[in-house]
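Only one structure is covered here, and it is reproduced in the block below.
The values are calculated or read from the model by the stated rules, or taken from the named source; none is laboratory data. If you're wondering where the values come from, they're calculated on a predicted model, not measured in any experiment. With ideal geometry, Cβ positions are generated from the backbone for all residues, glycine too; neighbour counts draw on all protein chains shown.
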Amino acid sequence: MERLRRGVGAWMLVFATAALISGSTVSCGEATVPPLSTAPSTLIGPVSTGSSTPAGPASTESPSIPGTAPTGSATAGGPVGPLSSGYATVIGSATSDTSESKTHTTTKRVPTDLVGKTADAAEALLATAGTASTVAFREAEEADVGLVLEVDPAGGSVIAEGRSVVLLVGKRKESVERRVPMDLVGKLADAAQALLFGAGIPSTVAFREVEEADVGLVLEVDPAGGSVIAEGRSVVLLVGKPKESVERRVPMDLVGKLADAAQALLFGAGIPSTVTFREVEEADVGLVLEVDPVGGTLLAPGGSVHLLVGKVKEGLPPTPLGAEDLTTEIPEVP
């Protein structure tokens, strides 16, 4: 009889376990096994029939398993033994340890010696180093066209990944054609300079003495009108100016005067002068001996007068002091 009861209890536990797994209600005689709790864990594994005594109901408590629902008891002519906790396996929703993602900043170093290389070579070096590049241009001399002039950031610098390096590359200067305006000759100097300024051409002015009718007018243009000139070159305008009408006449009576006095007179008349010397007797030392051109002559513009002045003969001792040059007064002694 005991063996029969144990067999029936074993079958009831099998059905109860199947019901727990499938989530349905299984009825064995009068015993009803409720479905498993909807908790995210399931008890599976071999089932022990346990041991029960007729004297009283078996304990329906099973060892607590975290994340599982407690198991109940069903009575069908006798108690049902508990599930053996020793063979129970807890299957639940897996808990994944999500490690905090860490951002690693990658740095790169700008290659050195990029300055002076061709733009293509510099870009190739940067691409090999895994660094992006952008190119800017600046007007440069012919020898530097196409070459890297500057690098930003400079070679050897450490930069963050994704940052690009700027290459400043030389390009040819813009060749703006500048042509000298036509018909400048015969215009007033101010009008001609205004036309040149409007064309972006600097100008300089030179003068030549002309008749009264041509005063202030452009006489010649260099280079001529219509010429193409290089950037920075200026055009020379030759402009007429009045003839000098101031008469400069050599003053009279310069001979016999002291050289300093004669030069002062010439300077007052606006006439430059030069001086040469000749050995003379003591009485003529320092005096003007000759004037060239002679007094009263009308000088051409820019002309000068030459003065011949007497000097002491070489080798002669200085004139001794006379008795009259000596001081005869004797100061009184207090």
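Counting only residues that are within 27 Å of Lys243 (Cβ to Cβ) and of a type in the set (Phe, Trp, Tyr), how many does the stretch 163-209 have?
Number of matching residues: 1.
Can you pull out the residues in the stretch 244-273 that are of a type in the set (Asp, Glu) and within 60 Å of the chain's Cα centre (by Cα)?
Glu244
Considering each of Gly232, Gly225, Gly270, Gly302 in turn, give the residue that is in the same structural domain as Val205 (by TED's automatic domain parsing), part of a loop (DSSP other than H, G, I, E, B) and surrounded by fewer than 11 Cβ atoms within 10 Å (Cβ to Cβ).
Values: Gly225 fails: surrounded by fewer than 11 Cβ atoms within 10 Å (Cβ to Cβ); Gly270 fails: in the same structural domain as Val205 (by TED's automatic domain parsing); Gly302 fails: in the same structural domain as Val205 (by TED's automatic domain parsing).
None of the others qualify; the one that does is Gly232.
Do you know which residues across the stretch 143-179 are within 25 Å of Glu231 (Cα to Cα), among the charged types (D, E, K, R) and in a loop (DSSP other than H, G, I, E, B)?
Within the stretch 143-179, Lys173, Glu174, Glu177 qualify.
Out of Ala129, Ala88, report the one residue that is modelled with pLDDT under 90 and touching a Leu at 6+ places or on another chain (Cβ under 6 Å).
Testing whether each residue is modelled with pLDDT under 90 and touching a Leu at 6+ places or on another chain (Cβ under 6 Å) leaves just Ala88.
Considering only residues that are in contact (Cβ under 8 Å) with a residue 40 or more places away in the chain and touching a strand residue (DSSP E or B) at 6+ places or on another chain (Cβ under 6 Å), which ones fall in the stretch 292-311?
Listed by number, the residues that qualify are Leu298, Leu299, Val305, Leu307, Val309.
Name the single residue, out of those in the stretch 145-194 being out of contact with any Gly (no Cβ under 7 Å at 6 or more places or on another chain), of a type in the set (Val, Ile, Thr) and within 20 Å of Asp113 (Cα to Cα), that is surrounded by the fewest Cβ atoms within 10 Å (Cβ to Cβ).
So in the stretch 145-194, the residues out of contact with any Gly (no Cβ under 7 Å at 6 or more places or on another chain) come out as 150-168, 171-177, 185-187, 190-194.
Subsequent filtering for residues that are of a type in the set (Val, Ile, Thr) retains 151, 158-159, 165-166, 176, 185.
Next, only the ones that are within 20 Å of Asp113 (Cα to Cα) stay: 151, 158-159, 165-166.
On the way: Val151: 23, Val158: 9, Ile159: 14, Val165: 25, Val166: 12.
Step by step, filter the stretch 145-194, then rank; the result is Val158.
So which of Leu254, Leu237 is part of a strand (DSSP E or B) and among the hydrophobic types (A, V, I, L, M, F, W, C)?
None of the others qualify; the one that does is Leu237.
Can you tell me which of (1) at pLDDT below 90; (2) of a type outside the set (Ser, Thr, Tyr); (3) more than 60 Å from the chain's Cα centre (by Cα) is the one Pro301 doesn't meet?
(3)
Please verify whether Thr276 is outside any loop (DSSP other than H, G, I, E, B), under 47 Å from the mean Cα position of the chain (by Cα), of a type in the set (Ser, Thr, Tyr) and surrounded by fewer than 17 Cβ atoms within 10 Å (Cβ to Cβ), treating the condition exactly as stated.
In short, no.
Being within 13 Å of Leu184 (Cα to Cα) and surrounded by fewer than 13 Cβ atoms within 10 Å (Cβ to Cβ) is the requirement here; does Ala213 meet it?
Against the criterion (within 13 Å of Leu184 (Cα to Cα) and surrounded by fewer than 13 Cβ atoms within 10 Å (Cβ to Cβ)), Ala213 does not qualify.
Which of the residues belonging to the stretch 243-285 are small (Gly, Ala, Ser) and either in contact (Cβ under 8 Å) with a residue 60 or more places away in the chain or in contact with a helix residue (DSSP H, G or I) (Cβ under 6 Å, 6 or more places away or on another chain) (or both)?
Residue satisfying the conditions is Ser273 alone.
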